[in-house]
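Remarks on the structure that follows.
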Amino acid sequence: MRVSVSRDRNIIRRDASGGLRSSRDGGADSTRLRRAHDACAPDSAMHADPESPCCREETQLLPDEWLKVKTVPTNGNLSPGVYYPTGSKRFVDATKQLPSPTETIPSRSHRHGVTRRTRRRAILKNGECNILKSRISQRRLRFLQDMFTTLVDAQWRWTLLVFTLSFILSWLGFALIWWLIAFTHGDLEPDHLPPLQDSANWKPCVFNINDFTSCFLFSIETQHTIGYGARTTTEECPEAIFIMCLQSIVGVMIQAFMVGIVFAKMTRPKHRTQTLLFSKYAVVCQRDGELSLMFRVGDLRKSHIIGASVRAQLIRSRTTKEGEVLSHYQTELELNADGCDSNLFFIWPITMVHRINRDSPFYGVSAADVLQERFEIVVILEGTIESTGQTTQARSSYTTSEIMWGHRFVPLVTYNRERQGYQVDYSKFDETTQVDTPLCSAKELDEFYGSQADRRSIESAEHPQQQLILKMPDRAPTTEPKAENKDGDFTVTL
């Protein structure tokens with residue numbers, strides 16, 4: 001048996017004849033992934049590991065021309081493929097979704113020709129809640145009791161209609177009161193009209209009032225303190241003085257209330273969400289040797305979101321131990337960005353990562369299971385607007401049809417030497433690239449890695465000489481030693 005060790009990396013693998021052969025790779029993690037790739041790849045020169053949960057003796061690889069998952073040059077990850085025993089239920093369910101090899105497949109997504117079950121959205125892509133509320137007892141009364149919020153949330157046409165009617169009705173109401181005061185005092189008598197008041201020695205409650213139109217004009221002048229000077233109250237009628245004070249107060253209240261509604265409606269933090277972006281798709285790929293679910297968030301404005309935080313919730317059905325079906329069960333997903341928690345320094349687009357580990361609800365979900373599952377991932381971005389100090393919340397969601405397995409977001413931040421600053425190309429915000437990704441679940445992948453580790457430990461205990469070779473340093477000595485055992489069974493060449 002001959003053993004050769006690479007000069008760059010002493011990565012040793014066993015060939016088909018039971019020996020070891022070298023392979024160039026980038027590190028221990030890539031070595032583990034490459035070994036997993038060799039263990040599961042059907043065209044590999046290695047023997048398939050019978051203990052692997054995603055690759056067994058009777059395992060078949062679903063045809064790539066059906067799944068239409070293109071591969072990129074080997075980067076150490078597993079080649080695309082769904083590895084299930086041919087007799088298992090998962091294999092049967094997955095193959096039922098696949099068309100025949102001769103069927104024409106439209107090229108619309110990375111899962112062409114696959115019939116999937118979609119879930120009705122609870123949160124639309126623009127952040128609106130797709131919730132219809134009906135049969136609310138005393139609905140109108142409840143909403144009228146909170147008139148301010150009702151008008152702020154109402155459409156602009158209703159807000160402007162209420163704004164206009166509030167002033168017109170107040171003018172008309174007080175005009176009627178002024179007309180009644182003038183009528184009861186006798187100011188509208190033919191011989192008491194303004195042209196004859198001096199000759200009749202008549203002092204009215206309000207000067208220059210002769211009909212309802214003049215009362216309406218006086219009501220507008222009083223409420224908005226226009227003060228043309230032609231119509232004024234006198235000390236003849238105390239009730240006129242009281243109504244003048246009352247209308248002034250009511251006019252200020254109506255004006256403050258309606259202007260506040262319009263201002264609040266125009267400055268709602270909801271409009272800030274129009275410049276907060278979520279990626280159109282979420283992707284699943286490997287990061288640091290773990291399957292990860294990722295999506296991207298961005299901000300188009302120069303004014304930043306202070307204290308920005310992102311959280312995600314999984315909405316799906318769940319059956320309890322008692323048999324109760326929870327159709328909209330929510331599970332919090334743990335997120336991080338570039339090694340930080342969900343609190344972001346939000347100066348450029350950031351990719352949020354949910355690691356699919358033992359604590360993740362996707363731990364047992366594979367690429368084939370995504371085609372069958374019905375769930376929705378709701379993502380929420382919250383923070384304080386720097387320019388106004390108000391708190392805003394942007395929402396979006398991803399269904400199973402918007403999860404791209406085996407893709408990764410392309411970089412979009414580069415340094416512009418001419419402008420001496422970082423440049424963000426938002427045309428690449430939703431752009432992804434295909435990468436080699438295992439299509440089995442994270443649970444099966446961990447079980448496979450665990451079985452491989454146990455197998456290597458057993459082999460190391462049985463063959464201490466090979467264990468010594470595996471522990472050789474990464475950097476080879478400057479000389480070129482050649483070792484040969486006494487029996488001449490193997491040689492080591494550096």
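Provide a single number: the residues in segment 147-169 that are within 34 Å of the chain's Cα centre (by Cα) and either in a helix (DSSP H, G or I) or assigned by TED's automatic domain parsing to the domain that holds Ser397 (or both).
Counting residues in segment 147-169 that are within 34 Å of the chain's Cα centre (by Cα) and either in a helix (DSSP H, G or I) or assigned by TED's automatic domain parsing to the domain that holds Ser397 (or both) gives 12.
Just to verify a result, which residue in segment 279-330, among those that are at positive phi and out of contact with any helix residue (DSSP H, G or I) (no Cβ under 9 Å at 6 or more places or on another chain), is surrounded by the fewest Cβ atoms within 10 Å (Cβ to Cβ)?
The selected residue is Gly323.
Only one residue in Arg142, Arg120, Arg157 is within 30 Å of Val370 (Cβ to Cβ) and either basic (Lys, Arg) or at pLDDT below 90 (or both). Which one?
Arg120
Go through (1) touching a residue at least 60 places away in the same chain (Cβ under 8 Å); (2) within 16 Å of the chain's Cα centre (by Cα) for Val250 and report which single condition fails.
Looking at each condition in turn, Val250 falls short on (2).
Restrict the check to segment 331-353 and report whether at least one residue is among the β-branched types (Val, Ile, Thr), touching a residue at least 12 places away in the same chain (Cβ under 8 Å), touching a helix residue (DSSP H, G or I) at 6+ places or on another chain (Cβ under 7 Å) and not in a strand (DSSP E or B).
No, segment 331-353 contains no residue that is among the β-branched types (Val, Ile, Thr), touching a residue at least 12 places away in the same chain (Cβ under 8 Å), touching a helix residue (DSSP H, G or I) at 6+ places or on another chain (Cβ under 7 Å) and not in a strand (DSSP E or B).
Suppose we filter segment 200-250 for residues that are farther than 17 Å from Phe183 by Cβ and among the acidic types (Asp, Glu); how many remain?
Residues that pass the stated criteria total 2.
Quick check on this structure: which one of Thr233, Thr319 is closer than 28 Å to Ala122 by Cβ and among the β-branched types (Val, Ile, Thr)?
Thr319
With the requirement that a residue be of a type in the set (Val, Ile, Thr), out of contact with any Asp or Glu (no Cβ under 7 Å at 6 or more places or on another chain), surrounded by 12 or more Cβ atoms within 10 Å (Cβ to Cβ) and under 19 Å from Gln247 (Cα atoms), what does segment 163-192 give you?
Ile177
Can you find a residue that is at pLDDT 90 or above and either under 30 Å from Phe148 (Cβ atoms) or in contact with a Gly (Cβ under 8 Å, 6 or more places away or on another chain) (or both) anywhere in segment 205-219?
Among the residues of segment 205-219, at least one is at pLDDT 90 or above and either under 30 Å from Phe148 (Cβ atoms) or in contact with a Gly (Cβ under 8 Å, 6 or more places away or on another chain) (or both), which makes the answer yes.
Quick one: which of Thr392, Thr414 is among the β-branched types (Val, Ile, Thr), at negative phi and free of Cβ contacts under 8 Å to residues at least 24 places away in the same chain?
Thr414
Please indicate, with yes or no, whether at least one residue in segment 385-392 is surrounded by 14 or more Cβ atoms within 10 Å (Cβ to Cβ), in contact with a Lys or Arg (Cβ under 6 Å, 6 or more places away or on another chain) and among the polar types (S, T, N, Q).
Taking every residue of segment 385-392 in turn, at least one turns out to be surrounded by 14 or more Cβ atoms within 10 Å (Cβ to Cβ), in contact with a Lys or Arg (Cβ under 6 Å, 6 or more places away or on another chain) and among the polar types (S, T, N, Q).
Given the criterion within 18 Å of the chain's Cα centre (by Cα) and either of a type in the set (Val, Ile, Thr) or modelled with pLDDT of 90 or more (or both), identify the matching residue among Leu326, Leu314, Leu344.
Leu314
The values are calculated or read from the model by the stated rules, or taken from the named source; none is laboratory data. This structure is a prediction, so every number in the text was calculated from the model and none was measured. Glycine gets a Cβ as well: all are built from the backbone with ideal geometry, and neighbour counts include every protein chain shown.
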